[in-house]
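The values are calculated or read from the model by the stated rules, or taken from the named source; none is laboratory data. Only a predicted model underlies this, so the values are computations on that prediction, with no experimental measurement involved. As a convention, Cβ positions derive from the backbone with ideal geometry for all residues, glycine included, and neighbour counts pool all protein chains shown.
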Amino acid sequence: MDIDLASHSYISTPEINITIKLALQLNRPILIEGPAGTGKTSIAISLANALNWELYRIQCYEGITVESVIGEFDYRRQLLHIELERQKPHNPLHADMNLENIFSRDFFIERPLFLSFISDQANVLLIDEIDKSDEEFEAFLLEALGERQISIPELGTFKADNQDQVVILTSNSSRDLSEPLRRRCLYLYVDFPTLEREKEILAVHTELPLDSPLLKSVTKIVHHLRSLDLRKVPSIAETIDWANSLIHLGKTQIDTETLKDTLPVLLKYQEDLLLIKNKHSELIRLSTM
Amino acid sequence: MSIILNFVESLRFFGLPVSPSETITAQQVYEYLGATDQQALRIGLKAAILKRHEDFNIFSTCFDQFFTQKGSKDDKSSSEVSSESEQFLKVTSRSIHQKDSNIAEFLVNGQVSEAIQTTMTVIPTGGGTSGGAPTGQELSELQQRLTRFLYRAFNLEVPIRGLTPSQRQELSPEVIRIGYNLYQYMNQLQAMDNTTDEPPIRHEKTISDTPEDLYQLDQFLTQDLATVSATMANIKEHLLEIGKILASRERRRRRQAKSGKLDFRRTIRKNLKNNGIMLELVQKHKRIDDPEIIILNDVSGSTRWIADWFFVICYTAQQVYKKVRVFEFDNTMVEISSALARKTINRAMQERKKCWEDTIRRRRIHSDYQDSFEDFFTLIKHRPLNKRTSVLILGDCRDFEGMWRHDHPISSEYIQKMVNTTKRVVILNPESHSLWDAGDSVVKYYQRVGAEVYHVATLQDLLDFVFQLKIPS
């Protein structure tokens, strides 16, 4: 299966392509790690777009619960159902009430993980920033990722029979993920792009030609900034924002004044701005080399 | 299957935990991609086997050696001998017996078969043999000798097979390459030797995960710190593991602590839709500010032995406390918070050393609490102390070089200043109670101005204190 991520504005690498192919072939989830802002989430979104598959997304956070990803029983509906049964004339209170089906799927609010598993449609399940969730949640996912099934005590076990499904987990490594979770996934590390790849990414997102001097300067400056010991290095999205800002300002080249004025688009901490306060001319010199 | 098995075994030699299920996946990848396109195979096997980016160097070097051999020394010109290999050969010629030295040189040059040949001809020196192939015992002795020597030459603290993730990360491609040759050499020797069932590499004893060893670790945590004999190398990775568990427990505890008392008004309002049946309880959300913790670690001669362990604990503690600043002092103070940001504990320790290169005053190693605290207030002048800050000092309160004003040490004035401006000042003293206030110890003066001083007898006490801010009994 040929996957054209580029047509969906994602400039891929052979590593990303082969890992996705393997995930589809072997029916394995992919764990994508890498620094923040390197396009991990975009891989899943672009893949769903490229394959024209549905995308289910679970955004992890501290305290995320199993109920918020699988689903939960709608107790309001259950309550209404009980009231309804109670008020039936031939059905006096607490006698012969039909309460058996209140724990059926009719009363179950289905959430992304469940929907993705039971769906007949081909789909991509994105479990974003898994490192932000708690260990308990991670342990819960083991069954889903390993056996491709989820168990709900009241409803039973649901096995994902759909072969056209890719599960993608992303992590910024803010917490070390457990070995069992890692073992169940194919591993892909996405680092910041090379100079050439970043130029291609910028060209796609800014519509500047690949040989544009502005494109060249922007990528060189950003790459140099990433090599410094900054509190937060510029992400790809911030680089695109910066390039677009320069285009809107009508710049075709970057001078010291422009750099000074627009750097806050790239650097979000005062201490980072202070760190390169005296290096503006050096950055300009580097960008023209 | 044997190709992938052999490849996986070479990775396991470096301590990569490749499970059987990962090996099966790797085999599936191999069957799907084939061996023709080396680049695709590398990516595929990497995805199947590798689980940490930090192990990429080991994977990549082993892949080159195993599948393409392009990483071997034979492909390079003789002038391209790396400085590490040069250093290795220099050490070899100095401190190893000539016959072993030849073998080591062959291994450095990637000539495994020559190393085997040399072993077969020069090693048998008697012991019942008459110039034929070496006996199992002779080979076993040689393996031990050579392995131990290689570890020493590359400054490895433990045998390669026992390396932890952070130690593996420190290995350079050159060391991995030579290590791979050693693995091949050992394997081939083992295959030729039918007289022994012993594994090719003997493990040196380190604390591992066997129940017996975990029991030892437990004992170590509760043993009096003054009598602990284990080395930092043996214990730091385990301390990190314990720290991770404690950090995760503490994170959960703090999350649960955030839900406060029942909010009656909102509960009634929310349950109107349920005919007033209290199905949904609404709790008040307690706002808990992240505590600001400042840790001052005394690294002067008398407490140096515990300071390293404390640093490892601080390194782990940052998983729980986002606002933690760590300083170290003897006669001057430096901030080492930047070291905590390093990805591995070894790098953090290197960075910590680097922090000491730029001190406010010249370092004299002897403890001087007065000068150190004066430097501390200089260092924090841009972010002064406040009532949300807790100050944790690990030190024996032996103000050896500090000056006195009238009837008290001047350093106690700084402690008083900290007490007045912060939530709490806690001093953890590793010295036994009987030594407090004896000689240059000024514990009582610090207590007098409001500092809480506690004796920390074991590593467990230190862990409890940092992770739960508990007062040891």
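Is there a residue being within 14 Å of another protein chain (Cβ to nearest Cβ) and under 20 Å from the mean Cα position of the chain (by Cα) anywhere in the stretch B:353-376?
yes
Tell me, please, whether a residue that is touching a residue at least 60 places away in the same chain (Cβ under 8 Å) and either over 30 Å from A:LEU267 (Cβ atoms) or within 11 Å of chain B (Cβ to nearest Cβ) (or both) can be found in the stretch A:4-14.
Yes, that holds for at least one residue.
Only helices (runs of 4 or more DSSP H) wholly contained in the stretch A:163-249 count here; list those with 3 or more residues that are more than 14 Å from every other protein chain (Cβ to nearest Cβ).
Answer list for the stretch A:163-249: A:195-206, A:213-227, A:236-248.
Of the residues B:THR23, B:THR61, only one is among the polar types (S, T, N, Q) and closer than 22 Å to A:LYS21 by Cα; which?
After applying the criteria, what remains is B:THR23.
Being buried (at least 21 other Cβ atoms within 10 Å of the Cβ) and of a type in the set (A, V, I, L, M, F, W, C) narrows it down to one of B:ALA438, B:ALA451, so name that one.
The unique qualifying residue is B:ALA451.
Within the stretch A:190-219, track down each residue that is among the hydrophobic types (A, V, I, L, M, F, W, C) and closer than 19 Å to A:THR258 by Cβ.
Listed by number, the residues that qualify are A:LEU202, A:LEU208, A:LEU214, A:LEU215, A:VAL218.
Would you tally the residues in the stretch A:213-228 being surrounded by fewer than 18 Cβ atoms within 10 Å (Cβ to Cβ) and touching a residue at least 24 places away in the same chain (Cβ under 8 Å)?
Adding up the residues that qualify gives 4.
Applying the selection to the stretch B:331-354, what residues are in contact (Cβ under 8 Å) with a residue 24 or more places away in the chain and in contact with a Ser or Thr (Cβ under 7 Å, 6 or more places away or on another chain)?
B:ASN331, B:THR332, B:MET333, B:VAL334, B:THR344, B:ILE345, B:ASN346
Conditions (1) hydrophobic (A, V, I, L, M, F, W, C); (2) in the same structural domain as A:ILE20 (by TED's automatic domain parsing), marked per residue:
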site: A:ASP134; (1), (2): no, yes
site: A:PHE158; (1), (2): yes, yes
site: A:GLU179; (1), (2): no, yes
site: A:VAL204; (1), (2): yes, no
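Condition first: buried (at least 17 other Cβ atoms within 10 Å of the Cβ) and either touching a Lys or Arg at 6+ places or on another chain (Cβ under 7 Å) or more than 10 Å from chain A (Cβ to nearest Cβ) (or both). Now tell me which residues in the stretch B:28-44 satisfy that.
B:TYR30
Please go through the stretch B:332-348 and pick out each residue that is in a helix (DSSP H, G or I) and within 11 Å of the chain's Cα centre (by Cα).
B:ILE345, B:ASN346, B:ARG347, B:ALA348
Among the residues of the stretch B:408-424, is any in contact with a Leu (Cβ under 6 Å, 6 or more places away or on another chain) and in contact (Cβ under 8 Å) with a residue 24 or more places away in the chain?
Yes: one or more hits.
Can you tell me which of (1) in a helix (DSSP H, G or I); (2) surrounded by fewer than 20 Cβ atoms within 10 Å (Cβ to Cβ) is the one B:ARG361 doesn't meet?
The failed condition is (1).
Here are some residues: A:ALA44, A:ALA36, A:ALA50. Which one is small (Gly, Ala, Ser) and touching an Asp or Glu at 6+ places or on another chain (Cβ under 7 Å)?
Just a single option satisfies the conditions, and that option is A:ALA50.
Filtering the stretch B:45-62 down to residues that are within 8 Å of chain A (Cβ to nearest Cβ) and of a type in the set (D, E, K, R), which residue is surrounded by the fewest Cβ atoms within 10 Å (Cβ to Cβ)?
B:ARG52
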